[in-house]
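Peer 1: Mind having a look at this structure? Questions to follow.
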Amino acid sequence: MRELSERQQNMLGFIEEFMADYGYPPTVRDIQSGCEISSTSVVDYNLKALIQKGYINRDAEVSRGLQLVQGTGRHEELPDTVAVPLLGT
C-alpha cells in the first residue's frame, strides 16, 4: 500500500469510525463535515486517491457506496460483538 497524506489518513480514520458507530458508510457530506473539509470536491479527490491506493472501494452511483478493503485499516473488523457492562466490585 502506498503512503497516505495527513488528510487521507484523517478521512480513512473517520470512515472507519463512522462505520463502526453506525454500521453503514458515511456520505461525502458526512466526511466533509466530520473532517472539516471546505468542499465536497476535495473529499471526492481524496476518496479517489484512497481507491487508487487500495484502501477503499466505491460505488459512485450510491450515496453510501464506500466499502473498506479488508486488512488495510487501522481497526480490523471484529466478529459480531456486543458491549456488556461489568457489574459488582
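The values are calculated or read from the model by the stated rules, or taken from the named source; none is laboratory data. The structure displayed is predicted, hence computed values, not measured ones. Here Cβ is always computed from backbone atoms with ideal geometry, including for glycine, and neighbour counts include all displayed protein chains.
Peer 1: Could you list all residues from region 52-89 that are assigned to a loop (DSSP other than H, G, I, E, B), at pLDDT 70 or above and among the aliphatic types (A, V, I, L, M)?
Peer 2: Those that are assigned to a loop (DSSP other than H, G, I, E, B), at pLDDT 70 or above and among the aliphatic types (A, V, I, L, M): 60, 62, 69, 83, 84, 86, 87.
Peer 1: Looking at 20, 49, which one is touching a residue at least 40 places away in the same chain (Cβ under 8 Å), surrounded by fewer than 14 Cβ atoms within 10 Å (Cβ to Cβ), among the small types (Gly, Ala, Ser) and part of a helix (DSSP H, G or I)?
Peer 2: Result of the check over 20, 49: 20.
Peer 1: Restricting the first residue to region 54-70 and requiring it to be β-branched (Val, Ile, Thr), which pairs with a second residue that is assigned to a strand (DSSP E or B) meet a Cβ separation below 8 Å and a spacing of at least six or different chains?
Peer 2: That search, which allows pairs on different chains as well, returns 56/66; 56/67; 56/68; 69/56; 69/57.
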